[in-house]
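Before any comments, here is the structure.
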Amino acid sequence: MDKENLQKIASQVRRDLIRMVTSAKSGHPGGSMSTTDILTALYFEVMDHNPATWTRDGKGQDQFILSAGHLAPVYYSILARAGYFPVSELGTLRKMGSRLQGHPSIRRGLPGITQCSGSLGQGVSVAAGLALAKKLDGDKHFVYVLCGDGESEEGQIWEGAEFATHHSLGNLIGMTDWNGQQIDGPVESVSGGGDLQLKWQAFGWNTVTADGHDMEAIVTAFQKAKEMGKKTNRPTMILFKTDMGHGVDFMAGTHKWHGKAPSAEQCEAALAQLEETLGDY
Amino acid sequence: MKKYIDSGKKDTRSGFGEGLLRAGKADERVVALTADLKGSLKMDAFAAEFPERFIQCGIAEANMVGAAAGLAIAGKIPFIGSFAEFVTGRVYDQLRQEVAYGNTNVKIASSHAGITLGEDGATHQTMEDIALMRALPGMVVINPCDYNQTMQATIAAAKYQGPVYLRFGRPSVPNFTDPEEPFEIGKAYVMNEGKDATVFCCGHLVWEALQAAEILEAEGISLEVVNVATIKPLDEDAIIASIKKTGKAIVAEEHNMAGGLGEAIAGVLAQKYPAKLEFMNGGDRFGQTGTPAELMALYGLDAAHIADKVRAVLK
């Protein structure tokens, strides 16, 4: 892996999403910034995918489902930077007529989007269905799904967890953005009782924990997850310890930037902390 | 009038089971999912024939919807089966996001619909499901009338590209349509031609309306019976043609007033051919415990009540 290159991409993606959300005057920068490094590693190092031949059915490629659909800003930037659609389109986020809807939609013909999301807690189920189809079809590729830790308060996540274990979906790899924050405050103060890692283990999943802002640790965690999945025929959850708003000092470590756009001045201050590496859109 | 012969009572859910098996034999992309109701949904034969394509989901309907969406995205044709209430109201948001908005090729197999579910009572007897499913953009809504038509509708649903809601019931009821007649999605079937009044109906009410037509024929009343088996999209031309001919119409359904077939037809007529309609349905009520026949009589949804309503309309 080229760690420096991944870090450069991540810096540009954070610039993109902050500019996108600022321009839209709404959106979700906090979780987008906590998952930027994970998704950069996934799309630029880990996944076997090809934007040129990508189809919604995902045949012959790895697939990704964004369960936490409000992380659309980072998702769109990653897809554009990976070559799924022109980066010039990023500025249309949340604007009338845009293919970049407020939450990901398959309705607008935006390449790279496999399923709609936004209503929380449903992505593990969808990813399990995709993984089961791959198993039935003898396709050895993996299916990845990203959830939030707050999102994991949804009961359906655990229905999906049980289903994936029951059907021996070793080709399913989950990622939790374990940033400890949700809209109303720290997860522990809102609801999240119990140990998240033990919960996944109790549902029969392999678990891996990693620092979600250390590129080497992230890539290693994915490699480990794939090996565990193949070996055990059980799904694997990678719990990435992250900071909401990571990358900009005044946005980091708080729930306050979960769903708030920076002002023009705040945007400038944020961009000053993030190197422009690939050219702004 | 055209005579319909009951070839022997059968439950419409068994028609689904047979249709699923045939669809599965015709197309290997067909898969079946259930939430611990394989026997109730009559999926046993499919599961025995295609064990790898039968996917048991356990009592977790929300996940079943999502998993089906994933399978559909990957090119499968999933049928998800449960009781009508648990595969609509319980999972409405999942159906909305993963199936309707996501435009996935999922077929919702909805059994035990309406009060003819019987003894289990109101928790299981949905009278609101058609309204919920009609409200979802792009959703096809079908409620066939007997075993044969449910079998054919299942085969048609498998061939159709897009989300389909297929509603059927628990009890054994007369089986009287042609087992070989392919089901046409979007077509209203004129079961009996008449000239004095029209009964638009669907599901279990079609046989009741035909029985009412026989009763009324003896009194010199000519009743047209139209089986509106596809509630969405509605066969507007057939509905308008019938009411133009008879001038008087009743809509009978095993569903509540809000959002059902009656309001669907009223919506078309209000825009295109204003006409007075009478409604026979569950009103604004929940169901209750009883035998199917007792409940249909109590809620006024049997042949005798339809005949009474026609007489009243013609007075």
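Taking residues in the stretch B:203-229 that are over 20 Å from B:Val141 (Cβ atoms), and partners anywhere that are of a type in the set (Phe, Trp, Tyr), the pairs with Cβ atoms closer than 6 Å and at least 6 places apart or on different chains are B:Leu210/B:Tyr4. Hey, does the stretch A:59-73 have a residue that's touching a helix residue (DSSP H, G or I) at 6+ places or on another chain (Cβ under 8 Å), within 10 Å of another protein chain (Cβ to nearest Cβ), surrounded by fewer than 18 Cβ atoms within 10 Å (Cβ to Cβ) and modelled with pLDDT of 95 or more? Yes, the stretch A:59-73 contains at least one residue that is touching a helix residue (DSSP H, G or I) at 6+ places or on another chain (Cβ under 8 Å), within 10 Å of another protein chain (Cβ to nearest Cβ), surrounded by fewer than 18 Cβ atoms within 10 Å (Cβ to Cβ) and modelled with pLDDT of 95 or more.
Restricting the search to helices (runs of 4 or more DSSP H) fully inside the stretch B:201-314 and requiring at least 2 residues that are of a type in the set (S, T, N, Q) gives B:236-246. The sole residue among B:Ala113, B:Ala122 that is surrounded by fewer than 24 Cβ atoms within 10 Å (Cβ to Cβ), farther than 28 Å from A:His103 by Cβ and either away from chain A (no Cβ under 14 Å) or without any contact (Cβ under 8 Å) to a residue 24 or more places away in the chain (or both) is B:Ala122.
Only residues that are more than 7 Å from chain B (Cβ to nearest Cβ) and either over 20 Å from A:His28 (Cβ atoms) or surrounded by 24 or more Cβ atoms within 10 Å (Cβ to Cβ) (or both) were counted across the stretch A:118-131, and they come to 4. As a summary of the residue check, B:Lys3 satisfies the conditions (1) modelled with pLDDT of 95 or more; (2) within 23 Å of the chain's Cα centre (by Cα); (3) away from chain A (no Cβ under 14 Å) except for the one numbered (1).
Under the condition of being acidic (Asp, Glu) and closer than 20 Å to A:Lys226 by Cβ, which residue from the stretch A:132-171 is surrounded by the most Cβ atoms within 10 Å (Cβ to Cβ)?
Keep residues of the stretch A:132-171 that are acidic (Asp, Glu), which gives A:137, A:139, A:149, A:151, A:153-154, A:159, A:162.
Filter once more, so that each one left must be closer than 20 Å to A:Lys226 by Cβ: A:137, A:139.
Numbers: A:Asp137: 14, A:Asp139: 20.
Selected residue: A:Asp139.
Can you tell me how many residues within the stretch A:162-175 are assigned to a strand (DSSP E or B) and either within 14 Å of chain B (Cβ to nearest Cβ) or touching a Gly at 6+ places or on another chain (Cβ under 7 Å) (or both)? Result for the stretch A:162-175: 3. Within the stretch B:68-92, residues that are more than 8 Å from every other protein chain (Cβ to nearest Cβ) and within 30 Å of A:Asp139 (Cα to Cα) reach partners that are outside any helix (DSSP H, G or I) and among the basic types (Lys, Arg) with beta carbons closer than 6 Å, at six or more positions or on different chains, in the pairs B:Ile77/B:Arg29; B:Phe79/B:Lys107.
Yes or no, residue by residue, for (1) within 23 Å of A:Lys134 (Cβ to Cβ); (2) in a helix (DSSP H, G or I); (3) assigned by TED's automatic domain parsing to the domain that holds B:Val225:
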residue: B:Leu20; (1), (2), (3): no, yes, no
residue: B:Gly24; (1), (2), (3): yes, yes, no
residue: B:Lys38; (1), (2), (3): no, no, no
residue: B:Ile59; (1), (2), (3): no, no, no
residue: B:Ala62; (1), (2), (3): yes, yes, no
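The values are calculated or read from the model by the stated rules, or taken from the named source; none is laboratory data. Note that the structure is a prediction, hence the values are computed from the model and not measured. All Cβ positions, even for glycine, are placed from backbone atoms using ideal geometry, and neighbour counts span all protein chains on display.
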